[in-house]
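S.K.: One structure coming up, written as C-alpha cells, with questions to follow.
The values are calculated or read from the model by the stated rules, or taken from the named source; none is laboratory data. Just so we're clear, the structure is a prediction, and the values are computed from it rather than from any experiment. FYI the Cβ positions are ideal-geometry reconstructions off the backbone, even for glycines, and counts take in every protein chain you see. We work out accessible area using only protein heavy atoms, side chains counted, and drop any ligands, DNA or RNA first. Shrake-Rupley method; radii C 1.70, N 1.55, O 1.52, S 1.80 Å.
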Amino acid sequence: MTRNVAWFHPFSGIAGDMTLGALLDAGADLNFVVATLKRLNIDGWALSAKRVERKGIDATRAIVDAPEQHHHRHWSDIRELLESSSLPDRVKTRSLAVFETLAVAEGKVHGVPAEDVHFHEVGALDAIVDIVGSCAALESLDIDEIASGPVAVGVGTITAAHGVLPNPPPAVVNLLEQIPTIGVDVDLELTTPTGAAIIKALATIVGAMPDMTIRCSGYGAGTRDLSDRANVTQVIIGSLTPA
C-alpha cells in the first residue's frame with residue numbers, strides 16, 4: 001500500500017505560516033483549507049496566499065488576516081474548540097497533537113502543568129489558523145506521514161509577551177529536545193514555537209530525506225529577506241519506497 005510522505009527541510013527554520021505556505025505551494029487546495037477552517041466556527045480571520053521571491057526562489061507566503069490582538073487562550077479552551085468542531089478526523093487529531101505538544105513545552109518553561117498553560121502568541125487566532133490550516137493542507141495532499149530534516153535556529157534575543165528572551169526561546173528549546181538542530185548565525189527567530197511543535201508532534205522521522213518517489217515540492221516564505229539564505233521552508237512530497 002502506497003504511503004504519502006511530506007518531508008520538511010527547515011534549513012532556514014520553520015514557522016506555522018511557513019509550513020502552511022510550503023504545503024500550499026506544493027499543491028494543497030487553498031479553498032479546501034479555508035472550508036476546513038470554517039468548520040471551527042470562529043470568526044474574525046481570512047486566509048490568502050501570495051507569490052513572493054526569496055533569494056531567487058519562487059515561494060508562497062500564507063497570509064492570515066486576523067485583527068484580534070493579544071487574545072490569550074488556555075490549552076483547555078483550544079482543546080474544547082477543536083474537539084467540538086466538525087473537522088475531519090485526521091485534521092482534528094493532528095491539530096490536537098500540535099497544541100498539546102505546545103502546552104507541555106510551555107508548561108515546562110513556566111513550571112505549571114500543561115492543563116494550566118495560558119497560551120500567549122500561540123493562543124491567538126492567527127496561530128490557530130496556521131496550525132489547523134497546516135493540518136488541513138496535509139489532508140488536502142493526502143499525507144500519511146510527516147518527516148523533517150534538522151531544524152535551523154538563530155542567535156541573539158527575541159521580544160515576546162514576557163519580555164526579552166534568548167533565541168532560540170525556551171519553549172522552542174524544549175520542543176526541539178531529541179531533534180537534530182543547526183545553529184545559524186542570524187539574529188532572528190528562525191524557528192518559532194508553532195513551527196517547532198508541528199515537527200515535534202507530527203514528524204515520525206527527523207534526519208535525511210526518506211527514500212521516496214518525489215511527486216512535487218513547495219516553498220513557504222517567511223516575512224523577511226535574509227542576507228545569506230532564502231528565508232523559506234521547503235517541503236518535498238512523495239510516496240515512500242517500500243522496505
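S.K.: Full-extension gain between ASP185 and ASP228, please, as 0.36 nm times their residue separation minus the C-alpha to C-alpha distance.
M.R.: Values: separation 43, 0.36 × 43 = 15.48 nm, distance 1.00 nm.
Taking 0.36 nm per residue and subtracting the Cα distance, the gain is 14.5 nm.
S.K.: Still on this model: So what's the projected area for the range 148-243, the Cα convex hull averaged over all directions, in nm²?
M.R.: 7.0 nm²
S.K.: Roughly how many debye, to the nearest 20, is the charge dipole of the range 18-58 about its Cα centre, given +1 on each Lys and Arg Cβ, -1 on each Asp and Glu Cβ, and no other charges?
M.R.: Here the range 18-58 has a charge dipole of around 60 debye.
S.K.: Given Cβ point charges of +1 (Lys, Arg) and -1 (Asp, Glu) and nothing else, what value in debye, to the nearest 20, does the dipole of the chain about its Cα centre take?
M.R.: Here the size comes out at about 400 debye.
S.K.: Separate question: Calculate what fraction, in whole %, of the accessible area of the range 1-55 sits on carbon and sulfur atoms when a 1.4 Å probe is rolled over the protein chains.
M.R.: The C+S portion of the solvent-accessible surface of the range 1-55 is 48 percent.
S.K.: Let me know the volume per residue of the alpha-carbon convex hull for the chain, in Å³.
M.R.: Given the Cα convex hull of the chain, per-residue volume reads 119 Å³.
S.K.: Something else now. Taking the Cβ-Cβ separation of THR2 and HIS72 as r and a Förster radius of 41 Å, what is the calculated FRET efficiency to the nearest 0.05?
M.R.: After rounding, the FRET efficiency stands at 0.45.
S.K.: Across the chain, how many lysine pairs, 8 or more apart or on two chains, come within less than 21 Å at their alpha-carbon atoms?
M.R.: Details: LYS38/LYS50; LYS38/LYS92; LYS92/LYS200; LYS108/LYS200.
Close lysine pairs found across the chain: 4.
S.K.: Between GLY222, GLY163, GLY207, where does the largest GNM mean-square fluctuation fall for the chain, given springs only between Cα atoms within less than 10 Å?
M.R.: Evaluated over the chain, the most mobile residue of the options is GLY163.
S.K.: Additional query: With a sphere of radius 12 Å drawn around the Cβ of GLU177, what net charge do the other residues whose Cβ falls strictly inside it have (Lys, Arg +1; Asp, Glu -1)?
M.R.: Here the charged neighbours net out to +2.
S.K.: Ratio of Rg to Rh for the range 1-63, alpha carbon only, Kirkwood?
M.R.: In the range 1-63, Rg relative to Rh is 1.01.
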